[in-house]
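Since the structure comes first, as structure tokens, the remarks are kept for the end.
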Amino acid sequence: MSIVESNCTLAARVAEIAEVAGYLWERGWAERNGGNISVNVTDLLTREEAELPALETRHLPRRLPAVAKHLFFVTGTGKRMRDVARRPMENGAIIRLHPSGEAYDIIADRIISPTSELPSHLAMHDYMRAVRGENTKVVCHTHPTDLIALTHHARFLQPGVLGQLLWSMIPETRIIVPRGVGIVPYEIPGSLALANATIKALADHDVILWEKHGCLAVGEEVIETFDMIDTLSKSAQIYLCARAAGFEPAGMSKEQLEGLVPVFHLPPWQD
Ligand code: 13P
Ligand code: ZN
């Protein structure tokens, strides 16, 4: 029997992940196995479930003390988001970190190898747990075509440039992604170098673009991470539509953007 059949709270969280996995596919951001999702589900499992025997144990490339003993739902490596949407427990697994934080057990439902980005995901969960407290439970990585296209231009790799541009396309982007976007220069997918650079960028941002690869968002709810990426993608589309029509979009002025700050209680504008 699947663990979600006996635990309706966990089932509801897994259903949210499946819903968002479907959106990633429908948006065209999840070619083949593109993208991955991990969610800290420690609070959702009973003590008995949390102590299920290990189906398999694997070592981690780096010790993660802040998430020792924590439990995560993680999508499987090579698994398609469109399949996660339909059958999440056949395309993902529940893992439990060892008390040492140096290894993890796959405990349910079956042996599905976690995403190749697990080092990045767990390092981010570890960082978020240590720095932001317990509420930031979700890491969502996907491949949005329009946002990736923009990372192919050297100008947009300069810190702050792309974030300001995307904010300036529509008011919603400033409101829904108030900490803007960080940029991480190209690193090999799944590498510790990518994980480390991403953690650095998380100090200032909830959404990070990986040059020529994709986008990653962290948040409390999986739908919230989707909404941030979706809104940034809308801004990117507006920019690219205007450029395709032959003009540089004016963008909202500094005054127009600043006008949103008191109304929506946003962190102040940064040049
Ligand atoms: P996985 O199939 O290992 O999750 O990899 C997909 C991906 O997007 C790598 O960055
Ligand atoms: Zn990727």
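Which angle from 0 to 90°, rounded to the nearest 10, does the C-alpha axis of helix 192-202 make with the longest principal axis of the chain?
Orientation of helix 192-202: about 60 degrees from the principal axis.
Restricting to DSSP loop positions (anything but H, G, I, E, B) with no more than 14 other Cβ atoms inside 10 Å of their own Cβ, which GluC sites (Glu not before Pro) remain in region 167-271? Mind dumping the intermediate values first?
On the way: sites: Glu172, Glu187, Glu211, Glu220, Glu221, Glu224, Glu255, Glu258; in loops: Glu187, Glu211, Glu220, Glu221.
Passing both the DSSP loop test and the Cβ count: Glu220.
When only Cα pairs under 8 Å and 6 or more residues apart are kept, what is the percent relative contact order across the chain? Before the final figure, lay out each step's value.
Working: 524 pairs, mean separation 49.1, N = 271.
With pairs under 8 Å counted, the relative contact order is 18 percent.
Looking at the square roots a ≥ b ≥ c of the eigenvalues of the Cα gyration tensor of region 115-238, which shape do they give, rounded for a/c under 1.5, prolate if a/b is larger than b/c, or oblate? The partial results should precede the final answer.
Details: a/c = 1.73, a/b = 1.25, b/c = 1.39.
It is oblate, given that a/c is not under 1.5 and a/b is not larger than b/c.
With label points built 7 Å along Cα→Cβ from the Cα atoms of Gln158 and Cys241, find their separation and express it in nm.
2.7
Sort 233-240, 151-158 by the packing proxy (mean of other Cβ within 10 Å over each peptide's residues), most packed first.
Working: 233-240: 19.5, 151-158: 13.0.
Taking the mean over residues of other Cβ atoms within 10 Å, the ranking is 233-240, 151-158.
Scan region 1-98 for GluC sites (Glu not before Pro) in coil per DSSP, keeping those whose Cβ has at most 10 other Cβ atoms within 10 Å, and list them by number. List each step's numbers first, then the result.
Numbers: sites: Glu5, Glu16, Glu19, Glu26, Glu31, Glu48, Glu49, Glu51, Glu56, Glu90; in loops: Glu31, Glu51.
Passing sites in region 1-98 are Glu51.
Within 10 Å of each candidate Cβ there may be at most 14 other Cβ atoms; applying that plus a DSSP loop requirement, which chymotrypsin sites (Phe, Trp or Tyr not before Pro) in region 1-88 survive? Kindly include the intermediate steps, with their values, before the conclusion.
On the way: sites: Tyr23, Trp25, Trp29, Phe72, Phe73; in loops: Trp29.
In loop regions of region 1-88 (DSSP not H, G, I, E or B), there are no sparsely surrounded chymotrypsin sites (Phe, Trp or Tyr not before Pro).
With unit charges on the beta carbons (Lys and Arg positive, Asp and Glu negative) and the dipole taken about the Cα centre of the chain, which residue among Asn7, Cys241, Leu266 sits farthest to the positive side?
After comparing all options, I get Cys241.
Quick one: plug the Kirkwood hydrodynamic radius of the chain (C-alpha pairs) into Stokes-Einstein at 4 °C, 1.567 mPa s, and report D in µm²/s. Mind showing how you got there, number by number?
Details: Rh = 19.1 Å.
So the translational diffusion coefficient is about 68 µm²/s.
Once both axes come from the Cα atoms, what is the angle between helix 8-26 and the longest principal axis of the chain, in degrees from 0 to 90, rounded to 10?
40
About the Cα centre of region 177-262, what is the dipole size in debye to 20, counting +1 per Lys and Arg Cβ and -1 per Asp and Glu Cβ, all else neutral?
Computed about the Cα centre, the dipole is about 320 debye.
No lab work stands behind these numbers, since they all come straight from the coordinates. What you see is a predicted model; the values in this text were computed from it and never measured. In this analysis, Cβ positions are derived from the backbone assuming ideal geometry, glycine residues included, and neighbour counts consider all displayed protein chains.
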